[in-house]
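These notes are about the structure you will find just below.
Each value in this text was obtained by applying a stated rule to the coordinates, not by laboratory testing. What you see is a predicted model; the values in this text were computed from it and never measured. Positions of Cβ are generated from backbone atoms using ideal geometry, with glycine treated the same way; all protein chains shown enter the neighbour counts.
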Amino acid sequence: MSLYDRAACLELLHEHTKTDSLRRHAYAVEAAMRAAAERTGNDPEVWGAAGLLHDFDYERFPEPPDHPEKGAEILRAKGYPEEFVRIILSHAVYTGVPRENDCARWLFAVDELCGFCMACAMVQPDRRIAQVQVKSVRKKLKKKDFAAKVNREEIAEGAADLGLEQDEVITHVLAALAGVASELDL
């Protein structure tokens with residue numbers, strides 16, 4: 001079995017992450033990353049693994065720099081290549097690890113945005129991600145008290161790093177999340 005096999009990644013995620021909300025975040029980022037891999041002609045299994053595992057250590061080690069440094073140590077011990085480990089490290093700005101490839105840039109771009117789009121869905125009357133509109137996400141991004149912990153600057157920086165308009169990345173994330181709505185309870 002490959003290190004990037006979804007079953008292996010889920011096992012590692014579930015070993016370290018017990019809360020449903022953090023697991024759902026991982027599933028959301030995985031879906032956005034798989035869609036980004038398909039969009040860019042890359043390996044959805046590797047990119048999906050990056051999405052699933054980017055925060056797997058967060059529940060046990062929530063404080064910087066422990067997260068994601070402790071997770072990186074675990075990944076190295078399990079045999080993940082350094083390039084993959086650096087992708088995981090680069091999603092946290094404070095690590096100082098540059099986003100050196102498309103996988104790292106997409107992970108950074110969709111991470112905060114996935115959480116934000118999920119929050120947007122949760123305030124919909126039917127709590128369905130499929131009902132969330134790009135214009136609604138943009139409007140809520142301007143409300144600093146809505147999902148206040150989401151870093152709006154990182155969302156803007158992520159789109160810019162990809163050379164895309166923010167609306168295009170929002171559209172990408174909403175479509176990816178709609179595809180796994182049942183897994184997200186949205």
**Prompt:** Using 7 Å Cα-to-Cβ label points, what is the residue 39/residue 15 separation (nm, one decimal)?
**Reply:** 3.2
**Prompt:** If the cut-off is 25 Å between C-alpha atoms, which lysines fall inside it for residue 18, apart from same-chain ones fewer than 8 positions away?
**Reply:** 70, 78, 149
**Item:** Vicinal HN-Hα couplings computed from phi for segment 4-9 (Karplus, 6.51 cos²θ - 1.76 cosθ + 1.60; Hz; Gly/Pro x)
**Value:** 8, 4, 4, 4, 5, 5
**Prompt:** Just from its helices, what would the mean residue ellipticity at 222 nm be for the chain, if runs of 4 or more DSSP H residues each count -39500 (n - 2.57) and the sum is divided by every residue, rounded to the nearest 500 deg cm²/dmol?
**Reply:** -20000 deg cm²/dmol
**Fill in**
Per the charge dipole of segment 1-55 (beta-carbon charges, Lys/Arg positive, Asp/Glu negative, Cα centre), the residue among 16, 28, 49 reaching farthest to the positive end is 28
**Request:** Starting from 0 in steps of 5 Å, tell me what percent of the Cα-Cα pairs of segment 14-79 lands in each bin.
**Result:** 4, 19, 24, 23, 18, 10, 3
**Request:** Give the relative contact order (percent, whole number) for segment 45-186; include only Cα pairs under 8 Å separated by 6+ residues.
**Result:** 20
**Where labels lie 7 Å past Cα in the beta-carbon direction, separation of residue 101 and residue 167 in nm** = 3.3
**Percentage relative contact order, segment 103-176, counting C-alpha pairs under 8 Å, at least six apart** = 44
**Item:** Size of charge dipole - the chain - debye, nearest 20, with Cβ of Lys, Arg +1 and Asp, Glu -1, no other charges
**Value:** 800
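Calculate the tail of P(r) for the chain: the fraction of all Cα-Cα distances greater than 20 Å, expressed in %.
50
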**Message:** Is there a quick way to get the dipole size of segment 38-111? I mean about its Cα centre, with the Cβ of Lys and Arg at +1 and of Asp and Glu at -1; what is the value in debye to the nearest 20?
**Reply:** 80
